[in-house]
Amino acid sequence: MLYVIYILAGIGAGIVTGLAGLSAAVVITTLLVSICGWKSYDAVTVALAADVLASLLTAYTYYKNKNIDLKNGMLVTITAFIGTIIGSYSGFLFSQSQPDGLGYISMLTTIFLGIKFLVKPIEEGYDADSGSEQISKKKIILAMFFGCGIGWICGFTGSGGGILMLTVFTLLLGYNLKVAVGTSTMIMTLVALTGTISHFYMGATIQLIPMLLVIIFCVSAAYFSAKFANKCEIKKLNKVVGTCLGILGVITILIKLI
């Protein structure tokens, strides 16, 4: 039964990564902690490892469809990288005193993200070419500042990075949903890699076969979901992702409480 959960966790994580650029941790950490009984820090480590390949493949798919801003995205990546290292260490210290805390944070984040997509969908904005030319330097610097904070959050909890990056690129820089997703997944690739290495260095305990199952199915699902998202109408995309996340968050919290 646990192996079925590992497979479902990978598939679910890949879907939300490919469709909306969300961190794989909103699904993986949630299921591994609430159903499989993993320690939060170990579950976050697996989620980050899955995020590396899933985000990379997703970003490449969006890049082929010209839905990535490489110039501004790389600037935010630099500060996010620094924040992730600090966040990983903070998460390790927190996990020692509150071993289930990171998992509960991820579950609540999942519900919040679902409501956000349903109530306030992202339907407009610049494309990659026009946005790169029209955005002011002041906004870019502000985005870099937020990127550092987002990196810290992702390193600390293993989740939240994708949606927060999405928020920066849509609300602050004004990109449309597809460009925001593509650019945020590009950044999350390096952020997740940094977080994974940091977590292993801090002594996370990993079960090899479950981790491989999660990663393989996550990457596969991310590939097909990203292809679908680049062809899908944006309003429909918001509804699909919002509904899936809301249901997932409620179910996993109920399971943990019971």
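List every residue pair whose Cβ atoms sit under 8 Å apart, with the two residues 6 or more apart in sequence or on different chains, where the first one lies in the range 30-58 and is under 14 Å from S88 (Cβ atoms) and at pLDDT 85 or above and the second, anywhere, is surrounded by fewer than 22 Cβ atoms within 10 Å (Cβ to Cβ) and small (G, A, S).
Short answer, once both residue conditions are applied: D42/A204; T45/A204.
Condition first: within 24 Å of L118 (Cβ to Cβ), in contact with a helix residue (DSSP H, G or I) (Cβ under 9 Å, 6 or more places away or on another chain) and modelled with pLDDT of 80 or more. Now tell me which residues in the range 219-239 satisfy that.
Across the range 219-239, the qualifying residues are A221, A222, F224, S225, A226, K227, F228, A229, N230, C232, K239.
Only one of V241, V191 is closer than 19 Å to V44 by Cβ, surrounded by 23 or more Cβ atoms within 10 Å (Cβ to Cβ), in contact (Cβ under 8 Å) with a residue 60 or more places away in the chain and within 18 Å of the chain's Cα centre (by Cα); which?
V191
Tell me, yes or no, whether the range 133-140 has at least one residue that is at pLDDT below 65, assigned to a helix (DSSP H, G or I) and not polar (S, T, N, Q).
Checked against the condition, which is being at pLDDT below 65, assigned to a helix (DSSP H, G or I) and not polar (S, T, N, Q), the range 133-140 yields at least one hit.
Please work out if G37 is outside any helix (DSSP H, G or I) and either at positive phi or in contact with a helix residue (DSSP H, G or I) (Cβ under 6 Å, 6 or more places away or on another chain) (or both).
Yes: the conditions hold for G37.
Could we say that K64 is modelled with pLDDT under 80 and over 19 Å from the mean Cα position of the chain (by Cα) here?
No: the conditions fail for K64.
Taking the range 164-176, which residues are surrounded by 24 or more Cβ atoms within 10 Å (Cβ to Cβ) and in a helix (DSSP H, G or I)?
M165, L166, V168, F169
Looking at the range 177-197, which of its residues are farther than 15 Å from I82 by Cβ and either at pLDDT below 80 or not in a helix (DSSP H, G or I) (or both)?
Correct list: L177 only.
Can you tell me which of A20, A25, A49 is surrounded by 23 or more Cβ atoms within 10 Å (Cβ to Cβ), under 19 Å from M186 (Cα atoms) and over 10 Å from the mean Cα position of the chain (by Cα)?
Unique residue meeting the criteria: A49.
Within the range 216-244, can you find the residues that are touching a Gly at 6+ places or on another chain (Cβ under 7 Å) and either over 17 Å from A20 (Cβ atoms) or in a loop (DSSP other than H, G, I, E, B) (or both)?
Answer for the range 216-244, where residues must be touching a Gly at 6+ places or on another chain (Cβ under 7 Å) and either over 17 Å from A20 (Cβ atoms) or in a loop (DSSP other than H, G, I, E, B) (or both): I216, F217, S220.
Name the pairs: first residue in the range 1-15 and at positive phi and touching a residue at least 40 places away in the same chain (Cβ under 8 Å), second residue assigned to a helix (DSSP H, G or I) and of a type in the set (A, V, I, L, M), Cβ to Cβ under 8 Å, at least 6 apart or on different chains?
So the pair list comes out empty.
The values are calculated or read from the model by the stated rules, or taken from the named source; none is laboratory data. Quantities reported herein were computed from a predicted structural model and do not represent experimental measurements. Every residue, glycine among them, receives a Cβ derived from its backbone with ideal geometry; neighbour counts consider all protein chains shown.
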